[in-house]
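One structure below.
The values are calculated or read from the model by the stated rules, or taken from the named source; none is laboratory data. Since the structure is predicted, the reported quantities are computational estimates derived from the model, not experimental observations. Cβ coordinates were reconstructed from backbone atoms using ideal geometry, including for glycine residues, and neighbour counts include every protein chain displayed. The accessibility values were calculated without ligands, DNA or RNA, using every heavy atom of the protein model including side chains. Shrake-Rupley method; radii C 1.70, N 1.55, O 1.52, S 1.80 Å.
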Amino acid sequence: MSRPLVLSFPEYQQQAVRLAGYLGGDCEGVRLHRFPDGESLVRLPARLPHQVIFCRTLDDPNRKLIELMLAAETARELGAERLTLVAPYLCYMRQDTAFRPGEAISQRIIGRFLANLFDHVITVDAHLHRIDRLEQALPGIHAKNLSAAPILSEFLMQRTTPVETLLVGPDRESEQWVKAIATSAKREYVIA
């Protein structure tokens, strides 16, 4: 079996190179061109191995999801059989229910969309409020939701004292993450 290939998008190249080094694989760039009307031309390497890992955070999702779809479909056409998405920020997970009639449940829609493109999805601290596991939002594939709390807690414990540290979450939804970090690091926290 060939080594995995990590494909990076231009704005996330440094992180993708580090990921490839950690995995013992190679890293190549996804080339993008934007036309005046906003459409994207996506170009992948002409030859791909069996396993391809796309590395891209999904902030600015309305643009990035289309480019990711074009890249994933092209990778399959070029012979990649196993596609993984490493997206430290996974978009559209917050809207998991309709609060008013007619609202799109984006978690369900984008979850199915990504599950149709990828075999595996790895993210960090996805906005999951009424479900327990990321697999519930991304049906039929392997999905892993990692927590940054242990690393952030360790960082705080090594570099600050409890007296000089107050963790602040921007809203009620952030409490789950802020509380986990604060509890582990023995620090105080508040939410706005």
- Query: So for region 102-191, what are the equivalent ellipsoid semi-axes in whole Å, largest first, each being the square root of 5 times an eigenvalue of the Cα gyration tensor?
  - Reply: 32, 15, 8
- What percent do you get for the relative contact order of the chain when only Cα pairs under 8 Å and 6+ apart count? 14 percent
- Task: Could you tell me what percent of the accessible area of region 1-158 is made up of carbon and sulfur, with a 1.4 Å probe and every protein chain present?
- Result: 52 percent
- Please report the base-10 log of the normalised intensity I(q)/I(0) for the chain, using a Debye sum with one equal scatterer per alpha carbon and no solvent, at each q in 0.15 (1/Å). -0.99
- Task: Give me D for region 91-151 in µm² s⁻¹, whole number, from Stokes-Einstein with Rh from the Kirkwood sum over alpha-carbon pairs, 20 °C and 1.002 mPa s.
- Result: 178 µm²/s
- Task: Could you run the Karplus curve 6.51 cos²θ - 1.76 cosθ + 1.60 with θ = phi - 60° over region 69-76 and give me ³J(HN,Hα) per residue in whole Hz, x for Gly and Pro?
- Result: 4, 4, 5, 5, 4, 5, 4, 4
- Task: Pull out a ≥ b ≥ c, the square roots of the eigenvalues of the alpha-carbon gyration tensor of region 8-108, then state rounded if a/c is under 1.5, prolate if not and a/b is larger than b/c, and oblate in the remaining case.
- Result: prolate
- Message: Per residue, how much accessible surface does region 1-120 expose to a 1.4 Å probe? Answer in Å², no decimals.
- Response: 55 Å²
- Task: Can you work out the accessible area per residue across region 137-187, with the rest of the protein chains kept in place, probe 1.4 Å, in square angstrom?
- Result: 67 Å²
- Message: With the cut-off at 1.5 for a/c, could you classify region 42-156 from its C-alpha gyration tensor as rounded, prolate or oblate?
- Response: oblate
- Among beta bridges assigned by DSSP with both residues in the chain, the antiparallel ones amount in percent, to the nearest 5, to 15 percent
- The long-range amide H neighbours of I191, using H built 1.01 Å from N in the peptide plane and a cut-off of under 5 Å, are G169
- Hand me the chymotrypsin sites (Phe, Trp or Tyr not before Pro) from region 27-111 located in a DSSP loop with no more than 11 other Cβ atoms within 10 Å, in residue order please. F99
- Note on the structure: Using eta = 0.692 mPa s and T = 37 °C, Stokes-Einstein with Kirkwood Rh from Cα pairs puts D for region 36-84, in µm² s⁻¹, at 283 µm²/s
- Given backbone amide H placed at 1.01 Å from N, residues whose amide H is under 5 Å from that of H142, ignoring those fewer than 5 places away on the same chain, are V121
- Residue order for I131, I53 - accessible surface, 1.4 angstrom probe, largest first: I131, I53
- Message: With n ≥ 4 as the cut-off for DSSP H runs, can you work out [θ] at 222 nm for the chain, using -39500 (n - 2.57) per run divided by the number of residues, rounded to the nearest 500?
- Response: -10000 deg cm²/dmol
